[in-house]
Amino acid sequence: MSTIQAVRGMNDILPDEAERWLQFEATVQAWLARYGYRNIRMPIVEPTPLFRRAIGEATDIVEKEMYTWRDELNGEELTLRPEGTASCVRAAIEHSLLHDGPKRLWYAGPMFRHERPQKGRYRQFHQYGVEALGFSGPDIDAELIAMCAALWRDLGLEGLRLELNSIGAPEERARYRADLVGYLERHVDRLDADARRRMHTNPLRTLDSKNPMVQEVVAGAPSLAEYLGEASLAHFDGLKRLLEAAGIPYAINPRLVRGLDYYNLTVFEWVSDRLGAQGTVCGGGRYDGLFQLIGGKPAPAAGFAMGNERLMALLAESASVAPREAPDAYLVFQGEGTQAYAFVLGEELRAHGFRIVMHAGGGSFKSQMKKADASGARHALIIGENEVGAGEVAFKDLRAQVEQVSVKRERLAGLMAAAREQTR
């Protein structure tokens with residue numbers, strides 16, 4: 001009988017790697033708290049029309065990448081979420097979250113896109129999403145970008161660069177779209193199949209084509225910046241002033257448009273050269289029309305999402321992730337009455353905040369001590385029948401050549417606390 005393996009592009013995260021993820025997540029959550037963002041948790045499955053209306057019918061995500069099916073019980077069309085912003089805004093509308101003012105929110109979890117798996121791009125991937133709902137000024141755009149810069153410092157990541165653009169208001173983009181289509185039609189013989197398909201459905205997506213031939217064409221295309229009105233330019237100038245005041249370097253990328261239809265005004269990406277083709281580790285911008293687009297009252301909003309797998313790949317390279325925390329002690333026991341004694345002792349020490357691994361599976365003292373050493377624990381707590389009779393524990397340092405001592409059970413927590421302080 002053949003073995004069953006994980007779905008291609010949906011990966012197991014094994015314990016050693018998962019511990020690095022936990023360290024990463026602890027850093028991220030402390031960072032979010034510093035900026036006053038609160039957690040929100042949305043379902044993994046949403047009504048399909050939410051994404052069709054929010055992301056756009058003519059996007060790659062909706063056309064080709066969503067996991068969608070029809071619920072047999074009620075005929076409703078459902079989709080595994082391919083991104084989090086639409087779900088967050090749907091929740092804000094459904095529960096009237098903005099009734100008492102703007103909200104700063106974050107969420108985390110798996111997203112799903114049916115695409116060809118490759119390094120940095122998976123069918124199930126994980127994101128942190130950060131959304132500032134109800135804020136209209138460039139100051140919140142600057143805050144979101146400054147937050148990212150602060151997180152890279154917290155994580156010890158270097159070499160990430162910020163690319164920035166403004167795609168203006170919908171009416172400005174509509175005028176630009178018409179002229180861009182006209183330009184592309186004049187050069188259709190030099191466009192690949194993807195660009196030809198997008199030319200009339202989502203022409204702005206041709207601007208970030210990775211095909212060198214298409215890049216040559218779009219290099220001569222009209223610039224969206226020339227179509228921006230006074231208000232859009234003022235918003236963008238306000239953002240740039242704040243970034244410059246904070247000492248955050250950026251590069252204007254006039255071809256940066258992002259892949260989702262709901263964006264307007266500010267768009268940005270943090271990019272690395274160390275991840276090959278999948279170089280964007282974080283991206284976002286402003287989406288002032290999304291509330292109204294999915295049935296809510298108009299409200300300004302901005303946000304971003306980070307690709308956790310891509311950031312973890314950078315962290316693995318940088319060696320900035322600390323080694324896993326080993327147990328404080330490994331409990332070894334043998335003899336009549338020792339298992340119950342050790343079991344209760346382990347619970348007592350855990351209640352004091354110590355990380356304790358209790359041996360399981362039997363074996364000699366020698367074999368148990370080998371496992372204690374392999375666990376990475378600093379100390380072994382050894383219990384035989386004599387220790388049970390005397391109400392004691394043998395305390396052995398596994399990482400230093402010092403003499404093993406016996407200690408009364410009630411004094412053990414204090415001794416372990418003192419030993420832990422000495423090793424810090």
Next on the checklist: How many angstrom lie between the Cα centre of segment 180-212 and the Cα centre of segment 111-139?
Outcome noted: 25
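So how do TRP106, TRP69 line up by other beta-carbon neighbours within 10 Å, fewest first?
Final ranking by Cβ density, sparse to dense: TRP69, TRP106.
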Checklist entry - Sorted from fewest to most neighbouring beta carbons within 10 Å, what does the list MET416, MET1, MET42, MET10 look like? => result MET1, MET10, MET42, MET416
Checklist entry - What shape does segment 72-125 take by its C-alpha gyration tensor, where a ≥ b ≥ c are the square roots of the eigenvalues and a/c under 1.5 counts as rounded, a/b above b/c as prolate, and the rest as oblate? => result oblate
Next on the checklist: Please list, short to long, the whole-number percent of alpha-carbon pairs of segment 4-123 in consecutive 5 angstrom bins beginning at zero.
Outcome noted: 2, 9, 15, 17, 19, 17, 13, 7, 2, 0, 0
Next on the checklist: Could you tell me the calculated FRET efficiency between ASN11 and GLU348, based on Cβ-Cβ distance and R0 = 51 angstrom, to the nearest 0.05?
Outcome noted: 0.85
Checklist entry - Mind checking which of ARG38, ARG355, ARG197 has the largest fluctuation in a GNM of the chain, springs on alpha carbons under 10 Å? => result ARG355
Item to check | Kirkwood hydrodynamic radius (C-alpha pairs) into Stokes-Einstein, segment 149-247, 25 °C and 0.890 mPa s, D in µm²/s | outcome: 157
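Sorted by average packing, counted as other Cβ atoms within 10 angstrom per residue and highest first, what order do 2-8, 162-168 take?
Details: 2-8: 6.9, 162-168: 22.9.
Highest to lowest by the protection proxy: 162-168, 2-8.
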Next on the checklist: Checking the a/c ratio against 1.5 first, then a/b against b/c, what shape does the Cα gyration tensor give for segment 235-313?
Outcome noted: oblate
Checklist entry - Highest mean first, what order results for 330-340, 280-290, 12-22 on Cβ atoms within 10 Å? => result 280-290, 330-340, 12-22
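For segment 329-423, just say rounded, prolate or oblate: build the C-alpha gyration tensor, square-root its eigenvalues into a ≥ b ≥ c, call rounded for a/c under 1.5, and beyond that prolate if a/b exceeds b/c, oblate if not.
Rounded shape, in that the Cα axes give a/c under 1.5.
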Checklist entry - Per q in 0.18 1/Å, what log10 I(q)/I(0) does a Debye calculation on the alpha-carbon atoms of segment 242-393 return? => result -1.07
Next on the checklist: Can you bin every Cα-Cα distance in segment 114-189 into 5 Å intervals starting at zero and give me the percent of pairs per bin, rounded to whole numbers?
Outcome noted: 3, 9, 11, 13, 14, 16, 17, 11, 4, 1
Item to check | Counting DSSP beta bridges with both ends in the chain, the antiparallel % (nearest 5) | outcome: 80
Checklist outcome for this item: For TYR341, TYR67, ascending order of other Cβ atoms within 10 Å (fewest first) is TYR67, TYR341
Checklist outcome for this item: Scattering profile of the chain from the Debye formula, Cα beads only, expressed as log10 I(q)/I(0) at q = 0.13 Å⁻¹, is -1.12
Checklist entry - What are the extents of the Cα atoms of segment 77-228 along their three principal axes, listed from largest to smallest and rounded to whole Å? => result 51, 43, 36
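Any read-out appearing in this document is the output of simple, stated calculations on the displayed coordinates, not a laboratory observation. As the structure is a computational prediction, the values presented were derived from the model and not from experiment. Ideal geometry is used to build each Cβ from the backbone, glycine not excepted, and the neighbour counts take in all protein chains shown.
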